[in-house]
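Visitor: Shown below is the structure under consideration.
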Amino acid sequence: MDFNINVFGSFRVTDTIEFLITDTTISIWIVMGLLLFLALIVRIKSRNWDPMVKPTGFQNVMEICIDGWEKFYKSNTSDVVAYLSPWFFSLLVFLLISNMIGIVPGVRPPTADWGMTFPLALLSFFLIQFAGVRHRPKAYLKGIFLEPVFVFAPLNVIGELARPISLSFRLFGNILGGMILLSLLYGIAPFITRLVLPVPLHIYFDLAAGALQAVIFTMLSLTFVSIAADS
Amino acid sequence: MVQLNPQFLFFLSAEGDVVYRYRPLLDMDLPMFVNMIPPLLSFILTAAFLTWLLYKPVKKILQARADRVEGDINDAALSKASAAELKAMYEQKVREIETERAEILDEARKAASERRAKMLDEAKAEAQDVKERAARDVANELEQIKGTVHQAIVDISTDMAAKLISASVDAKAHEKLFDEAMAELEATTAIYTEAVTA
């Protein structure tokens with residue numbers, strides 16, 4: 001069993017900078033492809049969707065998803081960051097597919113790679129800072145550097161910097177843990193039972209825990225952003 | 001320069017040997033952070049396309065429907081307000097009509113009452129006239145009858161005197177004549193009384 005990340009190829013820019021084509025890269029391409037395919041279908045079909053006609057089938061499903069998300073987002077965030085709703089929707093969908101794609105044999109979930117989860121957490125971190133500085137710059141910066149007193153500023157800064165680390169490791173650890181457990185089970189289970197035994201674990205680790213972790217990551221990110229923008 | 005891994009295609013070392021390459025799970029060095037750039041851009045690209053191609057079109061439809069529903073609700077509220085205003089106006093009209101009707105009825109009742117009183121007065125006056133006329137007629141009739149009776153008494157007295165003179169008058173005959181005269185007088189009086197009563 002090998003939990004390292006396979007490198008399929010590389011693109012060397014300089015002697016020190018080399019972009020690798022890994023399991024994660026392929027998985028990300030698959031996830032991107034799926035999502036772009038879905039988005040294209042929606043885009044093409046939506047040209048014929050009439051808002052005055054009762055929605056059915058695929059249109060109904062998409063409307064339920066977007067409407068449900070909007071309600072969820074509005075109930076959990078401040079109105080001042082309503083414009084970020086599509087961003088967090090994309091994050092949730094991307095993470096859901098990424099976490100669950102491990103159910104497909106041979107495909108490694110992109111989120112089982114810290115190289116994927118950390119950039120996502122870093123984006124959330126920058127979004128938190130952006131929201132805080134944009135919507136209430138004085139209060140936000142004062143909260144970091146002067147509260148409760150200025151001597152706590154280093155602790156506050158460390159607390160802010162810890163957020164992306166914490167977010168990324170939580171998601172990475174959970175997904176990698178599930179993947180490792182399943183790999184171990186595949187390794188030790190007799191061949192004949194490999195078709196049956198992992199099924200409940202796949203359902204739990206890939207589907208349930210995957211969905212849960214995607215929601216946790218998104219929920220924490222949007223809560224931090226909302227708090228930063230409007231305490 | 002692009003290189004490929006021999007596990008799947010081939011990957012050559014600097015010396016030309018076939019090598020396998022793995023990336024460690026958690027390496028916090030420059031190559032690791034450099035290799036975070038493609039996933040980062042991939043996600044940003046995916047989010048942009050999802051927003052543009054999926055989220056906004058569906059949101060636009062939802063918004064159009066919400067606007068339509070809101071418009072319908074506003075229209076319904078306006079129609080309701082208009083209907084309420086119309087209802088109030090008609091109710092006011094009905095109240096005015098009711099008041100007018102009551103006034104007309106009162107006036108009619110008053111006029112009828114006045115007319116009734118007038119008719120009653122007229123009837124009473126007419127009845128009084130009739131009564132007075134009848135009384136006058138009765139008095140005239142009485143006078144006439146009195147005259148007639150007087151004449152009859154005169155005639156009877158004349159007859160009695162004639163008979164008294166012409167016949168041999170004895171006490172018995174005298175009594176008989178007197179009785180006959182009295183009977184005629186009574187009969188005349190009875191006629192007179194009957195006429196007066198009628």
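Visitor: Report, by residue number, each residue of the range A:177-231 that is under 30 Å from residue A:87 (Cα atoms) and of a type in the set (Gly, Ala, Ser).
Guide: The answer is A:177, A:178, A:208, A:209, A:210, A:211, A:214, A:221, A:226, A:228, A:229, A:231.
Visitor: Here is a further query. Does residue A:77 count as more than 8 Å from every other protein chain (Cβ to nearest Cβ), surrounded by 11 or more Cβ atoms within 10 Å (Cβ to Cβ) and either of a type in the set (S, T, N, Q) or over 24 Å from residue A:100 (Cβ atoms) (or both)?
Guide: It is true that residue A:77 is more than 8 Å from every other protein chain (Cβ to nearest Cβ), surrounded by 11 or more Cβ atoms within 10 Å (Cβ to Cβ) and either of a type in the set (S, T, N, Q) or over 24 Å from residue A:100 (Cβ atoms) (or both).
Visitor: Could you identify the single residue in A:190, A:154, A:198, A:164 that is within 24 Å of residue A:96 (Cα to Cα) and more than 23 Å from the chain's Cα centre (by Cα)?
Guide: The match here is A:198.
Visitor: Of everything in the range A:38-60, what is assigned to a helix (DSSP H, G or I) and within 10 Å of chain B (Cβ to nearest Cβ)? Give them in sequence order.
Guide: A:38, A:39, A:40, A:41, A:42, A:43, A:44, A:45, A:46, A:59
Visitor: To continue, here is another question. Which residue, of A:85, A:124, is without any contact (Cβ under 8 Å) to a residue 40 or more places away in the chain and under 15 Å from the mean Cα position of the chain (by Cα)?
Guide: Within the list A:85, A:124, the selection yields A:85.
Visitor: Applying the selection to the range A:83-115, what residues are farther than 15 Å from residue A:218 by Cα and assigned to a helix (DSSP H, G or I)?
Guide: A:83, A:100, A:101, A:102, A:103, A:110, A:112, A:114, A:115
Visitor: Next up: Looking only at the range A:177-231, count every residue that is more than 30 Å from residue A:75 (Cα to Cα) and among the aromatic types (Phe, Trp, Tyr) and tell me the total.
Guide: Total meeting the criteria: 2.
Visitor: To continue, here is another question. May I ask you to list the residues in the range A:18-43 that are small (Gly, Ala, Ser) and under 9 Å from residue A:110 (Cβ atoms)?
Guide: A:27
Visitor: For the range A:189-205, which residues satisfy the criterion of being of a type outside the set (Ser, Thr, Tyr), surrounded by 10 or more Cβ atoms within 10 Å (Cβ to Cβ) and assigned to a helix (DSSP H, G or I)?
Guide: Residues satisfying the conditions are A:194, A:198, A:199, A:201, A:202, A:203, A:205.
Visitor: Residues being among the aromatic types (Phe, Trp, Tyr) and more than 7 Å from chain A (Cβ to nearest Cβ): count how many of those fall in the range B:39-53.
Guide: 1
Visitor: Any chance you could count how many residues in the range A:7-23 are in contact (Cβ under 8 Å) with a residue 40 or more places away in the chain and at the interface with chain B (Cβ under 7 Å from one of its Cβ atoms)?
Guide: Here the count works out to 1.
Visitor: Could you please find all residues in the range A:42-74 being surrounded by 12 or more Cβ atoms within 10 Å (Cβ to Cβ) and of a type in the set (Ser, Thr, Tyr)?
Guide: A:46, A:73
Visitor: With in a helix (DSSP H, G or I), within 14 Å of another protein chain (Cβ to nearest Cβ), farther than 30 Å from residue A:116 by Cβ and not β-branched (Val, Ile, Thr) as the only criterion, which of B:135, B:125, B:66 stands out?
Guide: Checking each option against the conditions leaves just B:66.
Residue-by-condition table, conditions (1) modelled with pLDDT of 90 or more; (2) assigned to a helix (DSSP H, G or I); (3) of a type in the set (D, E, K, R); (4) within 30 Å of residue A:115 (Cβ to Cβ):
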{"residue": "B:32", "(1), (2), (3), (4)": "no, yes, no, yes"}
{"residue": "B:45", "(1), (2), (3), (4)": "yes, yes, no, yes"}
{"residue": "B:62", "(1), (2), (3), (4)": "yes, yes, no, no"}
{"residue": "B:74", "(1), (2), (3), (4)": "yes, yes, no, no"}
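For (1) closer than 30 Å to residue B:192 by Cα; (2) of a type in the set (Gly, Ala, Ser), each residue gets a yes or a no:
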site	(1), (2)
B:86	no, no
B:89	no, no
B:94	no, no
B:102	no, yes
B:106	no, no
B:118	no, no
B:125	no, yes
B:142	yes, no
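Visitor: Something else about it: State whether one or more residues within the range A:90-113 are within 9 Å of chain B (Cβ to nearest Cβ), free of Cβ contacts under 8 Å to residues at least 60 places away in the same chain, in contact with a Phe, Trp or Tyr (Cβ under 7 Å, 6 or more places away or on another chain) and not hydroxyl-bearing (Ser, Thr, Tyr).
Guide: no
Visitor: Next question. If residue A:66 meets every condition in (1) within 16 Å of residue A:90 (Cβ to Cβ); (2) of a type in the set (A, V, I, L, M); (3) out of contact with any helix residue (DSSP H, G or I) (no Cβ under 7 Å at 6 or more places or on another chain) apart from one, which number is that one?
Guide: Going through (1) within 16 Å of residue A:90 (Cβ to Cβ); (2) of a type in the set (A, V, I, L, M); (3) out of contact with any helix residue (DSSP H, G or I) (no Cβ under 7 Å at 6 or more places or on another chain) one by one, residue A:66 breaks only (3).
Visitor: With the structure loaded, tell me whether residue B:88 is assigned to a helix (DSSP H, G or I) and within 14 Å of another protein chain (Cβ to nearest Cβ) or whether it fails that test.
Guide: no
The values are calculated or read from the model by the stated rules, or taken from the named source; none is laboratory data. All values reported here derive from a predicted model rather than from experimental measurement. A quick note on method: Cβ atoms are made from the backbone with ideal geometry, for glycine too, and the neighbour counts reach across all protein chains shown.
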